[in-house]
Structures are given as C-alpha cells and as structure tokens.
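Some notes on the structure that comes next.
The values are calculated or read from the model by the stated rules, or taken from the named source; none is laboratory data. It should be emphasised that the depicted structure is a prediction, and the values quoted were computed from it without experimental measurement. As a convention, Cβ positions derive from the backbone with ideal geometry for all residues, glycine included, and neighbour counts pool all protein chains shown. The area values use the complete protein model at the heavy-atom level, side chains included, leaving out ligands, DNA and RNA. Shrake-Rupley method; radii C 1.70, N 1.55, O 1.52, S 1.80 Å.
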Amino acid sequence: MTTKQNNQLPHLRLGVNVDHVATVRNARGGIHPDPVRAALLAADAGADGITAHLREDRRHISDEDIERLRTQLHVPLNLEMAATPEMLEIALRHRPHAVCLVPEKREERTTEGGLDVAGQHNQLAPFVRELSGAGIRVSMFIEAEPRQIDASKSVGAPVVELHTGRYCETPAGAGREKELERIKSGAAHAAKIGLECHAGHGLGYDTVGPVAAIPALAELNIGHFLVGEAIFTGLAQAITRMRALMDAARAAA
Ligand code: PXP
C-alpha cells in the first residue's frame, strides 16, 4: 500500500434522504412513486444508509413507510424526527439504527435552522437518554456553533449533524467561504470533544465537494437535490455521481 493510500481520509458515508419521493407520491394520494423502492435502489447504487423524516403533519413520509423501511432495508435507517412524545414512542417501537433530532415547525417548508440544544437542555436530555438506552444512535441537527456542539455533548448525544443550508444558499464567493469556514471549525470542534460529526441540508453537485473534504466528517445526508436530479438522470446515476464527487474531494483533501 502506498503512503498516499495510508494518508487518505476515511470513507465518508452517504445517507440518502427519500422524503421527496414520498412528496411526489402524496401529490396524487396513491402508492407511486414508492419511497421504499427508491431506498432499496439507493442502497444498491451506493448509499450507505437511508434517511427519512417523519413529520408531525405526515406531509411526505408516512408511518407505514417507516414500518416498511425498517423491515425491508438492509442498510441502516436514520429516522429524523422532532423531540415529541409521539415520535419517541414511534422510534422506540421501530428501533431504527439512528435517530436525528430536528427542530420542526408546522408552517416551514423544510427544516429551517438547527435545534437549540443549548436553550432546551432539560427538555432534550430525556429524549437522548431514552433513545440511547434503546440502542439507537442519536444525533442532534444543529448550526455549527460551539455552544450548540458543547450542549449536544452535554445532553449525551454521541453525534451532531451540522446544518449546511446557509452554506448552500449563499452565492459562491466570500460569503459562502465564510459559511464553509464555520462548518469546518464546527466539525473540528465536535471531533475534538469526541463527537462523531455529520453534515447535511441543501447539498448538491456544486456544493458537496468542499464539505466532503472536511476531514472530521463521517457522514453526509442528502435528499432533495438527488430526488430532483433523478428526474433527469435516474436516481442510481444521481447517487453514483454524488458518491464520485464526495470520493474525489476526499482523495484530493
Ligand atoms: N439532514 C437533516 C437533518 C434534514 O432535516 C434534511 C432535510 O430533511 C437533510 C439532511 C437533507 O436535506 P436536503 O433534502 O436538502 O438534501
């Protein structure tokens, strides 16, 4: 083995979020396209895991989808959910590999901003405890701010997922570079205090490279862009290309 190979960054996992396959299905209220079929195809195309967000209003993924994903998938399932008693009961019943706790507002179009772990320590700690006690790996979806990262550690979560939305929405240039720096230093801080670090939200072909090159990251979760791109190239090809961009960025880092 060459020195270069020895120095390569560890594999960066790709979690494919299938929420918006369900969005299209629900537009007609039928069974097509099936997010579980998309998840199985995604796994065959190289996804290391599948992510699905069961929202309080069930606007995309349904309870039945979670049940079917749980029984049919042969890769880990990461269930995104709000920290509510209803969702806790569902998670404990299905025991997915992982739960990512996210903030949720009924009126939002997508998850806006990260969870305020620092401000909600006492409300969140029991959720982390119960989920962890059931053997579920818990992550907190947060902004890349040291106080939110420290608070995630103090509530007992082993993983944080850093919100990349603002980085992706900022036009290329100095502003986006600044957002990237924020994510880089957040990831380094998380690693330093012993947390596994993930990232996601809004990532596409144009934005994934610099994030994938961050050494401390172990996983990216990507959904909307891949499902949209699948319309043009097919889901397998969209995943293959995203995977290749991630691997190339890691190899060059
Ligand atoms: N990570 C988390 C915690 C999310 O809530 C979402 C969106 O559901 C994603 C990643 C994926 O974001 P996108 O669909 O924009 O790729």
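For the reader, a short list of remarks on this structure follows.
- Helices of the chain meeting both criteria, an alpha-carbon length of 24 angstrom or more along the long axis and an average Kyte-Doolittle score not below 1.6, with helices taken as full DSSP H segments, do not occur.
- Counting only Cα atoms, the size of the chain along its three principal axes is 49, 46, 39 Å, in decreasing order.
- Contour excess over end-to-end distance, with Cα ends at Ala125 and Ser185 and 0.36 nm allotted per residue: 19.1 nm
- Full-extension gain in nm, Ser132 to Gln237, via 0.36 nm per residue minus C-alpha separation: 34.3 nm
- Solvent exposure of the chain as accessible area per residue, Å², 1.4 Å probe: 46
- Mean projection of the Cα convex hull over all viewing directions, computed for region 36-158: 7.6 nm².
- Glu108-Asn7 FRET efficiency (beta carbon distance; Förster radius 35 Å; 0.05 resolution): 0.25
- Long-range amide H partners of Leu217 with built H, under 5 Å: none
- Between region 96-137 and region 163-218, the C-alpha centres lie 20 angstrom from each other.
- Environment charge of Gln72, counting only residues whose C-beta is closer than 14 Å and scoring Lys/Arg +1, Asp/Glu -1: -2
- In the chain, the calculated helix contribution to ellipticity at 222 nm averages -15000 deg cm²/dmol per residue, counting -39,500 (n - 2.57) for every DSSP H run with n ≥ 4.
- Convex hull volume per residue in cubic angstrom - Cα atoms of region 84-215: 117
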